[in-house]
Amino acid sequence: MLTVEEALDAILSHVSVLGTERVDVVGALGRVLAEPIVSRREIPPWPNSSMDGYAVRAADAGRGAALTVVGRVEAGGLPARVVGRGEAMRIFTGAPLPEGADTVVPQEDVDASDDRIALRGPLERAAYVRRRGEDVRVGDRVLEPGTVITAAEIGLLATLGHGQVPVYRRPRVAILSTGNELADLGTEPGPGQIPNSNTYTLMAQVLEAGGDPASLGVARDRLESIEERVRAARDADMLVSSAGVSVGELDLVREALTRAGAELHLWKVSMRPGKPITFGSLASRPVFGLPGNPVSAMVTFELFVRPALLKLSGRRRLTRPRVRVRALEAVPNPGSRRGYLRVQLEQTADGLGARLTGEQGSAILRSMVAADGLAVVPPDSVVAAGAALEIIQLRELP
Ligand code: AMP
Ligand code: MG
């Protein structure tokens, strides 16, 4: 059986980044930049004042100096003249520094009367002056492709005049649930039926990862039913189905995918939960057959689908952060497959600790709700209380 790392490598080798589009700068929030951004501007474009005060010449403005105020310059205006020896100009935050001046004295540091000011203390040359280009120079490569755009990048892009931004396309992900027992939202489950939850968790996981999900509904456990829905996913960049990938005679997803034209690359990974995961390509687009149990579907999404989706989206970093914490209780993983166990993180006097969220059955969604992360535990082992535990971090640290 493949290890998780082997499976992920194989999956990523079949995934390549999507095309690009241009979007409005604010619409680029959370999107992935597709081209480097090289500045054609100096920021700031000219030296300007960072305070309300007086523009002066440091050389002739020592402590106690009296200067003549020869004019005034506001933000948005231009100085009408230069500042000569013994002179000062009234200036406001963001206004261009007049020629001749090299320093700004804040208004609270002078005694002003009529058109004269007296300095209360010594000056530091260039104080309260923002230099031309101190933030960005022409030709600076300020953003790299693959950057996830946040509010700060949006500010920088606007400063540099980009009303539109080149980003990678958001992957469209088709989600299919399969199973005769499934009653979808809006229908009360009848005898022998259970509610369909996977469609909704998987759509949400796609959204969280920056993708654009669309539901293909629920297919019955019949080859034609599954195949027909798989074929309906023609416009999607990726297909994710759940259930029907084990070895029972009603597990028909693999055969249905093949009939729809998919080439299957792998099946079964040594992990718990999630072993029967399937991956292939359909018209060069990635297709996943995730196991049906709700936690198995979520965990295999995390470990395999999410990195593939991030790669499609042009992201550079494909995996979640990992943290090492202390086990606050014994964490057993009986059985021959590596465990991905749901844990809650907790700040303790000795740093971050983790404890299991409860029952680890692969159908127990509530222990997933409580989970801040997944503890990676080797097969046939117990991590003792107090020992180090490696966690895949799913949420912000507490
Ligand atoms: P299967 O892989 O088809 O044997 O399904 C494994 C388990 O997952 C069964 O108990 C199914 O009822 C359950 N299951 C399958 N699909 C879903 C779904 N969409 N929502 C909730 N549970 C599901
Ligand atoms: Mg089934």
**Request:** Please verify whether the stretch 283-302 includes one or more residues that are away from ligand 1 (no atom under 16 Å from the Cβ), among the hydroxyl-bearing types (Ser, Thr, Tyr), open to solvent by 10 Å² or more (accessible area, probe 1.4 Å) and under 19 Å from VAL4 (Cα atoms).
**Result:** no
Item to complete: Report yes if some residue within the stretch 102-122 is open to solvent by 100 Å² or more (accessible area, probe 1.4 Å), modelled with pLDDT under 95 and either closer than 18 Å to MET51 by Cβ or among the basic types (Lys, Arg) (or both); otherwise report no.
Response: yes
Expected output for the stretch 268-281 (first residue farther than 17 Å from ARG306 by Cβ and open to solvent by 10 Å² or more (accessible area, probe 1.4 Å), partner charged (D, E, K, R) and away from ligand 1 (no atom under 16 Å from the Cβ), Cβ below 8 Å, 6+ apart or cross-chain) is SER270/ARG337; SER270/ARG338; ARG272/ARG337; ARG272/ARG338; LYS275/ARG337; SER281/GLU263
Residue hits (the stretch 209-250; under 18 Å from PHE279 (Cβ atoms), within 13 Å of ligand 1 (Cβ to nearest atom) and in a loop (DSSP other than H, G, I, E, B)) are ALA243, GLY244, VAL245, SER246, VAL247
Of the candidates THR147, THR178, THR199, the one satisfying the condition of being hydroxyl-bearing (Ser, Thr, Tyr) and either open to solvent by 70 Å² or more (accessible area, probe 1.4 Å) or farther than 28 Å from ARG254 by Cβ (or both) is THR147
Condition set touching a Ser or Thr at 6+ places or on another chain (Cβ under 7 Å) and within 24 Å of SER113 (Cα to Cα), scope the stretch 41-53, selection surrounded by the most Cβ atoms within 10 Å (Cβ to Cβ): answer is SER49
Test result for LEU318, in contact with a Leu (Cβ under 7 Å, 6 or more places away or on another chain), surrounded by fewer than 18 Cβ atoms within 10 Å (Cβ to Cβ) and under 20 Å from MET271 (Cβ atoms)
yes
Counted residues in the stretch 279-331 being within 23 Å of PRO378 (Cβ to Cβ) and aromatic (Phe, Trp, Tyr) come to 2
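Residues are listed down the side, and each one gets a yes or a no for (1) away from ligand 2 (no atom under 16 Å from the Cβ); (2) open to solvent by 60 Å² or more (accessible area, probe 1.4 Å); (3) in contact (Cβ under 8 Å) with a residue 40 or more places away in the chain:
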| residue | (1), (2), (3) |
| --- | --- |
| ALA330 | yes, no, yes |
| GLY335 | yes, no, yes |
| ARG355 | yes, yes, no |
| PRO398 | yes, yes, yes |
Filtering the stretch 182-200 down to residues that are more than 7 Å from ligand 1 (Cβ to nearest atom) and touching a residue at least 12 places away in the same chain (Cβ under 8 Å) yields ALA183, ASP184, LEU185, GLN193, TYR200
Answer yes if at least one residue in the stretch 204-217 is within 30 Å of ARG41 (Cβ to Cβ), out of contact with any strand residue (DSSP E or B) (no Cβ under 7 Å at 6 or more places or on another chain) and more than 16 Å from ligand 2 (Cβ to nearest atom), and no otherwise.
-> yes
Flagged in the stretch 54-65 as open to solvent by 30 Å² or more (accessible area, probe 1.4 Å) and either at pLDDT 95 or above or out of contact with any Gly (no Cβ under 8 Å at 6 or more places or on another chain) (or both), in numbering order, are ARG57, ALA59, GLY62, GLY64
- Quick one: is VAL377 touching a residue at least 60 places away in the same chain (Cβ under 8 Å) and either farther than 30 Å from VAL32 by Cβ or touching a strand residue (DSSP E or B) at 6+ places or on another chain (Cβ under 6 Å) (or both)? no
Kindly establish whether THR68 is open to solvent by less than 40 Å² (accessible area, probe 1.4 Å), over 30 Å from GLU21 (Cα atoms) and of a type in the set (S, T, N, Q). no
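Conditions tested, residue by residue: (1) in a loop (DSSP other than H, G, I, E, B); (2) within 16 Å of ligand 1 (Cβ to nearest atom); (3) aliphatic (A, V, I, L, M).
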residue: GLY139; (1), (2), (3): yes, no, no
residue: GLY146; (1), (2), (3): yes, no, no
residue: ALA152; (1), (2), (3): no, no, yes
residue: ALA158; (1), (2), (3): no, no, yes
residue: PRO166; (1), (2), (3): no, no, no
residue: ILE175; (1), (2), (3): no, yes, yes
residue: ASN180; (1), (2), (3): yes, yes, no
- Quick one: is GLU255 within 15 Å of ligand 2 (Cβ to nearest atom), touching a residue at least 24 places away in the same chain (Cβ under 8 Å) and acidic (Asp, Glu)? yes
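The values are calculated or read from the model by the stated rules, or taken from the named source; none is laboratory data. Quantities reported herein were computed from a predicted structural model and do not represent experimental measurements. Neighbour counts are summed over all protein chains in view; Cβ atoms, including those assigned to glycine, are modelled from backbone coordinates with ideal geometry. Areas reflect the complete protein model, heavy atoms only, side chains present, ligands, DNA and RNA absent. Shrake-Rupley method; radii C 1.70, N 1.55, O 1.52, S 1.80 Å.
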